[in-house]
Amino acid sequence: MKKLLIFIISSLFLCSCSVLSDNGISIAPTADLEKTVHWMVDDAIMAASTQLVYEMRKEIRTLIPATPTPTATYVPPVDFTPTMTSIWQGNLQSGQIEITATPQNCITRLKFVEDITIPDNTVVAAGKPFTKTWKLQNTGTCVWTDEYSFEFIDGDLMDANAVIPFPKDVMVLPNGTIDVSVYMTAPEKSGNYQGNWKIRTPWGTQFGTGDNGENSVWVKIAVR
């Protein structure tokens with residue numbers, strides 16, 4: 001590298017001198033020669049800089065330790081036998097209702113909580129569709145599942161389906177609540193109308209409100 005710089009500097013010195021012709025007359029350097037000299041200087045400086053950076057990077061790489069490549073560690077599986085426990089089982093506190101879903105030893109009861117839509121004697125236009133929604137509470141000891149349904153008992157059906165299945169995968173625990181909706185259409189004739197409904201169990205019995213589940217929940221509208 002030092003020899004290269006000495007050669008370039010010597011060339012610059014020679015090129016900066018006057019050029020003599022055959023008859024000894026001094027001739028000034030041409031513009032093209034000056035450009036060539038500048039190009040040689042720039043190229044030499046760039047080459048020296050590049051070589052210096054290269055040498056520095058080599059030195060740095062030898063000082064920094066290589067990062068080890070992580071390897072996966074095999075973890076042997078642990079023997080595990082799951083124990084299936086019913087979600088209804090557990091230690092019951094005193095006074096707590098025992099939960100069961102079987103008809104032999106559970107009680108089916110409900111409590112009317114409120115009308116979510118269409119309170120009693122709501123005025124509905126003749127022929128107008130509407131959705132009646134009740135909020136009901138499970139006051140028995142059975143768990144209401146999607147095997148239960150909401151069933152028309154008597155009165156005015158008002159173009160509704162007579163049986164409304166509970167939603168899929170529903171689970172209403174004792175003291176829990178559920179909103180039950182029925183799509184209906186008001187009769188074409190003016191007057192007062194009422195439809196009575198109860199819940200039907202998977203084993204075919206019907207129950208409603210009251211001490212023995214004998215009372216229905218209802219929808220009452222006035223068609224005008």
Of the peptides 169-176, 151-158, how do they stack up when ordered by the mean number of other Cβ atoms within 10 Å, highest first?
-> 151-158, 169-176
So which of K128/K220; K132/K198; K128/K168; K135/K220; K111/K198 end up more than 19 Å apart by C-alpha?
-> K128/K168
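Every number in this text was worked out from the coordinates using simple rules, so none of it is lab data. All values reported here derive from a predicted model rather than from experimental measurement. Cβ sites come from the backbone with ideal geometry, for glycine too, and all protein chains shown count toward neighbours.
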